[in-house]
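Take a look at the structure set out below.
The values are calculated or read from the model by the stated rules, or taken from the named source; none is laboratory data. All values reported here derive from a predicted model rather than from experimental measurement. All Cβ positions, even for glycine, are placed from backbone atoms using ideal geometry, and neighbour counts span all protein chains on display.
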2 protein chains.
Amino acid sequence: MSRRYAILAPGTFATGRAKTAHGVIAYADDATVAVIDADHAGRRVRDVVPYLACDAPIVATVRDALQYAPTSLLVGVAPQGGALPESWRGEIVAALDAGLEVVSGLHQILGDDPEFVAARKRNASIWDVRIPPPVPLFSGSAYDVAARVVLTVGSDCAVGKMTAALELTRAARARGMRAAFAASGQTGIMIAGNGIAIDRVIADFASGAAEQIVVEAAAEADLVFVEGQGGINHPAFAPVTLALIYGAAPDALVLVHEPPRSVMDTYGTPLLPYRALIRTYEALCASVKPAKVVGVVLNTRALDEATARAAIASAAEETGLPAADLVRFGSAEFYDAIAPAISGKAAPLARGTPG
Amino acid sequence: MSRRYAILAPGTFATGRAKTAHGVIAYADDATVAVIDADHAGRRVRDVVPYLACDAPIVATVRDALQYAPTSLLVGVAPQGGALPESWRGEIVAALDAGLEVVSGLHQILGDDPEFVAARKRNASIWDVRIPPPVPLFSGSAYDVAARVVLTVGSDCAVGKMTAALELTRAARARGMRAAFAASGQTGIMIAGNGIAIDRVIADFASGAAEQIVVEAAAEADLVFVEGQGGINHPAFAPVTLALIYGAAPDALVLVHEPPRSVMDTYGTPLLPYRALIRTYEALCASVKPAKVVGVVLNTRALDEATARAAIASAAEETGLPAADLVRFGSAEFYDAIAPAISGKAAPLARGTPG
């Protein structure tokens, strides 16, 4: 199904809190036909968030958005605590009453809400993106996909692993490759229209879920870029990171970092330096299915241009690998630089292989 | 609450399928007052499974067990697939009708079964051990416990990590320590009477669950032995392993292995050799909160005595660490050998620590 999104972002579209809305506009194949934010009604997306280069109109209400024939209302903001603000309920009811699909990544499950269930008309439905489908245990089927699989791994949460995987997918397609993006988190799923929020899967099945997104993406691609999660020394989220490393069974890794970040937000755990990160990720892969880090992607949005270029040069020098900020300076050169290193399939260790 | 268990193990008590029953009899503080297995009715536990050294009677039915005043019926067998055999339903109904607590580690949730819910009389209740309580995200509170924390880590699943933690808890108590066992899996929970099945927690919260079992155990102990799970290069279960490494925030690790196992059952992934295991576990700890492997515990049940002693000598030589089979040859000497290495608290890396 190709969706036409109206994106709900009341009072927030111009801010970082609308990160999900911005990600979907920037990367989804699905069209955004309108944004709902009364603060900017009458303007266009590009007037409010120039880098999105999108002409969709901004309107005040769901009712106003219907003239642009959306198929779906996407909740484009993650409110503090993940709960739905009371003031948005009427807009969601209006969408369901108009027969739209409502797409939500909130912790609060909209499909369990009696008011919303009752409001559905015609083909209206609710897609709570965070609810994982039933997934099997890891089976080893990821070892058998013909596509080459590249996983983005990071120094921490929220450094740009999803964006790196999306940019690389685009760059590969621009070079004529059959490339696919495999989504492992809420915004990635909204962008791709499929995927599994690995962090919401029961721990025993997290590897199996990572395997499943790869097997599905590989069915129609020769090259799969998998959205990584967390960071390998993140005290809370590293189990999800490791589920992707083993479950996605990558043939190569791309390391992502946001300079100058050096410690994790909540815990004060220091980020590992590039070489320690590479050593750690490669050692874990080597114990199951060998894969090397083939390049370093930096998210330099916090740096001025000169500092950004210096950070990129320094990453390349420290690691001996291609390094780039794909959003700021383009992805073609970096993709071409890593392409030879992602041209082969790796095999898992097997019975009798020395560990 | 101190429980008096009647253990349900129809047709299986003499076999390895009754592993949960045997574990509870061998290690739980709660008394086992009867075992239910018509195949051996009239005999005593020690007549059927000599190493358990337990005089409890074996009877044919729950009704027969009631004369020994049990408080609880424990489902002591994990049937293929985790579902409840139809033929056991009558026995569970009889227990609930008699006002007993029913304790189950089956995948199938007994508390959701209308027949069982309806059968409860007086104080009867159902404890589905695998259902985790609500747990918070990892918070760092495990860093603040005063108790020293020792985690068992393994070369694979089902090598003896729970047994090693239980034996070390006993050995420490025998030396006068206030020691506690922290259970992270189904049989461990039945033995301890508390704990959380980490593998059933949503992946994002698995570290938080591991932290919680440590914080709870540490409230009444100076030394906590945490039951580990999985193995760090297990493609399916390593995320749970890592949740325990970061969430339990151990001060020291004990490595557990079952020779001569060299590959994992389902996937054929080779087990890592001792030194690679130690390097991998210590490197991960070093990236968040440093901890060393202080000893190697072997489960030599598959080996004859001479081969077992040779395997232990070889593990000690390869690693330079104390090595022993605690069940077969006793735990006091090993405990004394590692005691100096588990006498201090470690601190997590903090803001400004070089990573």
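Structure above, values below:
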read-out: Subset tally (residues that are more than 20 Å from the chain's Cα centre (by Cα) and among the polar types (S, T, N, Q)) for region A:273-332; value: 5
read-out: Within region A:176-209, tally of residues that are among the acidic types (Asp, Glu) and touching a strand residue (DSSP E or B) at 6+ places or on another chain (Cβ under 9 Å); value: 1
read-out: Some residue of region B:111-124 being within 22 Å of the chain's Cα centre (by Cα), surrounded by 15 or more Cβ atoms within 10 Å (Cβ to Cβ), more than 16 Å from B:ALA197 (Cα to Cα) and more than 14 Å from every other protein chain (Cβ to nearest Cβ); value: no
read-out: Helices (runs of 4 or more DSSP H) wholly inside region B:266-343 containing at least 3 residues that are closer than 22 Å to B:ALA243 by Cα; value: B:274-286
read-out: Selection within region A:208-242 - of a type in the set (Gly, Ala, Ser) and either over 16 Å from the mean Cα position of the chain (by Cα) or not assigned by TED's automatic domain parsing to the domain that holds A:VAL327 (or both); value: A:GLY208, A:ALA218, A:ALA219, A:ALA221, A:ALA236, A:ALA238
read-out: Residues of region A:1-29 that turn out to be of a type in the set (A, V, I, L, M, F, W, C) and closer than 18 Å to A:TRP127 by Cα, as a count; value: 8
read-out: Residue list for region B:21-41, restricted to those being among the β-branched types (Val, Ile, Thr) and more than 16 Å from B:ALA165 (Cβ to Cβ); value: B:ILE25, B:THR32, B:VAL33, B:VAL35, B:ILE36
read-out: Identity of the residue in region A:243-262, in contact with a Cys (Cβ under 8 Å, 6 or more places away or on another chain) and not in a helix (DSSP H, G or I), that ends up surrounded by the fewest Cβ atoms within 10 Å (Cβ to Cβ); value: A:LEU253
read-out: Candidate set from region B:23-65 (those that are more than 23 Å from the chain's Cα centre (by Cα) and of a type in the set (Gly, Ala, Ser)); member that is farthest from B:ILE7 (Cα to Cα); value: B:GLY42
read-out: Sole residue being surrounded by 14 or more Cβ atoms within 10 Å (Cβ to Cβ), assigned by TED's automatic domain parsing to the domain that holds A:LEU166 and among the small types (Gly, Ala, Ser), chosen from A:ALA308, A:ALA313, A:ALA302; value: A:ALA308
read-out: Long-range neighbours under 6 Å by Cβ, at least six apart or interchain, first residue touching a residue at least 24 places away in the same chain (Cβ under 8 Å) within region B:198-225, second in a helix (DSSP H, G or I) and of a type in the set (Ser, Thr, Tyr); value: B:SER207/B:TYR246; B:VAL215/B:SER141; B:PHE225/B:THR169
read-out: Residues of region B:263-288 satisfying the condition of being facing chain A (nearest Cβ under 10 Å), in contact with an Asp or Glu (Cβ under 8 Å, 6 or more places away or on another chain) and surrounded by fewer than 21 Cβ atoms within 10 Å (Cβ to Cβ); value: B:PRO273
read-out: Qualifying residue in region B:186-202 (condition: aliphatic (A, V, I, L, M), part of a strand (DSSP E or B) and within 14 Å of another protein chain (Cβ to nearest Cβ)); value: yes
read-out: Residue check, A:GLY188 at pLDDT 95 or above, assigned by TED's automatic domain parsing to the domain that holds A:LEU255, crowded, with 22+ Cβ neighbours inside 10 Å and more than 18 Å from the chain's Cα centre (by Cα); value: no
read-out: Helices (runs of 4 or more DSSP H) lying entirely in region B:3-110 (those with 1 or more residues that are in the same structural domain as B:ALA183 (by TED's automatic domain parsing)); value: none
